[in-house]
Amino acid sequence: MPGLEVVMLRLAGTVVSAAAKAVLAPRPGAGLVPAPLRPLPKTASPDRLAKVLGQRLTEAYGSLPEHERTAAVDAVRDGFTAAGELDAERLFALALDPDRLAAELRRPHPGPGESLYEELLTLCCAHCVEQLTAHPSFAARAAVKQARSADAARELIEDVRDRVGPRPEAAALAFEEKYARYVEQTHSRLELFGLTLGRSASEWPLDTAYIGLAVSGEPRQAVGLPHARVATVSAEQALAGTDRLLLRGPAGSGKSTLVQWLALNAARRSFGAELADWNRCVPFVLRLRAFTAAESLPLPQEFLRAAGVPLSPAPGWAESLLAEGRALILVDGVDEVPMRLRARTEAWLKSLVTAFPRARYVVTTRPSAVSEDWLAGRGFVAHSLLPMEREDVRAFVAHWHDSARLACPAPDERARLDAYEQSLLTAVSSRRDLGRLATNPLMCALLCALNRDRRMQLPRARKELYDAALDMLLVRRDTEREITGVEGVTLTRDEQTALLQRLAY
Ligand SMILES: Nc1ncnc2c1ncn2[C@@H]1O[C@H](COP(=O)(O)OP(=O)(O)OP(=O)(O)O)[C@@H](O)[C@H]1O
Ligand SMILES: [Mg+2]
């Protein structure tokens with residue numbers, strides 16, 4: 001069958017010359033100079049390849065009609081011709097992998113000749129790469145290429161390592177994982193603190209209940225101007241902008257909950273794109289009120305014990321996280337520190353940021369406790385949690401009822417919750433007194449709970465409503481949390497009410 005032999009020889013010629021070009025042109029040798037002095041080696045003869053291919057053809061595809069065989073051979077050749085010059089760069093880019101070369105050259109060849117086409121293509125690609133790698137100039141070129149890419153890889157690794165820090169030891173990583181699971185379990189539920197109202201569950205999954213809150217966009221703006229329009233950003237945006245944040249917000253505005261949310265997301269590594277870098281951080285939640293009775297504030301090695309975590313890390317574990325910038329230090333409630341201990345708290349924070357400048361810090365406080373530029377000299381940026389807008393309130397009510405439904409096994413009660421939700425949404429948008437009350441998460445939570453507890457009969461009289469609110473906001477909440485008034489003086493409810501009225505006025 002001289003016809004087939006001719007096409008086969010043509011195919012082999014095409015393949016061989018494609019590979020020959022790859023090694024000979026445009027830059028032979030290691031490819032370092034355009035016109036090398038060394039004579040160029042000769043191109044391999046296509047005869048041997050044609051013979052190998054021809055053998056396969058007669059052995060395995062003898063029964064295939066000749067025109068099918070010719071078509072398959074021509075199709076493979078067309079692929080090589082269309083691909084043009086297979087220069088070395090191109091083959092290096094394919095990692096010298098014949099299969100990847102075949103994938104690049106392959107085009108559909110349906111019909112009886114399909115498997116012949118596949119086999120020829122595979123053989124030709126393998127041969128092409130083989131010829132390139134066997135060529136005397138190849139070793140030199142590959143060595144140069146490899147040295148360069150190793151160099152590039154090393155630079156990349158150094159760059160990444162600079163940013164990520166050294167790789168923690170396996171034991172440290174295992175501990176980190178154990179601690180993360182602990183934080184996840186202890187922080188995944190939202191406490192409706194103070195809501196000791198009848199039927200309402202006192203704990204819900206934070207995921208369902210949590211709503212994103214807004215803070216003042218420009219630091220040092222919102223304080224004292226709750227109704228002025230100020231630029232707002234999400235708490236996440238504010239956090240993304242700084243490594244040291246002083247988060248200010250009045251009672252019940254969601255500071256402690258945000259701290260908990262940050263700890264939970266760090267432990268789960270579930271921050272979104274905006275805070276993606278925070279997913280590398282290990283959270284340390286330090287509630288300042290817990291240290292009031294302690295002799296001194298905790299050092300990094302004491303962080304876990306101080307936070308009541310019953311896990312003991314190896315010595316130096318926390319310290320190296322802080323030093324490497326992989327620690328998220330969450331300090332909650334500067335206002336909960338009695339006045340006489342404020343100076344020591346300030347000194348403690350200053351010494352931490354001095355010793356561990358790469359760690360991230362979020363410090364929360366009610367606005368009355370410290371001025372806005374507190375710690376500004378240490379690079380802290382202040383943002384204030386803003387009063388909730390109408391949309392936030394609606395979102396809150398929706399999330400609250402979602403959580404309640406989730407926690408509620410009885411289908412009829414779940415149906416009732418739908419009705420409670422609708423009636424409350426209507427009430428907050430139609431009753432001004434409710435609208436004015438519902439400006440922070442705590443008050444929203446109270447309204448939701450009252451509404452459910454009283455089966456949609458929210459107190460009509462303003463006084464009664466405020467009484468119920470105050471009851472929770474002042475007495476229950478603070479006594480449950482064992483907060484005493486300023487400087488150890490406990491205020492009675494009447495005194496607190498009077499105080500609050502004056503503040504409100
Ligand atoms: N982002 C939020 N999403 C849903 N609910 C929230 C959110 N923030 C706060 N809450 C609800 O409001 C309650 C009070 O919030 P939180 O304790 O965080 O306020 P706070 O600013 O820390 O108050 P304080 O100054 O009294 O410590 C929470 O128990 C929770 O029920
Ligand atoms: Mg708090």
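Here, each number is a calculation from the coordinates, and none is a lab measurement. Computed from a predicted structure; not experimentally measured. Virtual Cβ from ideal backbone geometry, glycine too; neighbours counted across all protein chains shown.
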Checklist outcome for this item: Answer check: the range 298-363, Cα atoms, Kirkwood Rh, Rg/Rh ratio of 0.97
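Quick check on the exposure proxy: order 175, 80 from fewest to most C-beta atoms within 10 angstrom.
On the way: 175 18, 80 22.
Fewest-to-most Cβ neighbours within 10 Å comes out as 175, 80.
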Checklist entry - Can you give the three extents of the C-alpha atoms in the range 114-173 along their principal axes, from longest to shortest, in whole Å? => result 56, 32, 18
Checklist entry - Which residue, chosen from 338, 321, 301, occupies the Cα position most advanced towards the positive end of the dipole of the range 283-345, where the dipole is computed from +1 (Lys, Arg) and -1 (Asp, Glu) charges on Cβ about the Cα centre? => result 338
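State the dimensionless ratio Rg/Rh of the range 170-387 (Rg: radius of gyration of Cα atoms; Rh: Kirkwood radius). The partial results should precede the final answer.
Numbers: Rg = 16.9 Å, Rh = 17.9 Å.
Over the Cα atoms of the range 170-387, Rg/Rh equals 0.95.
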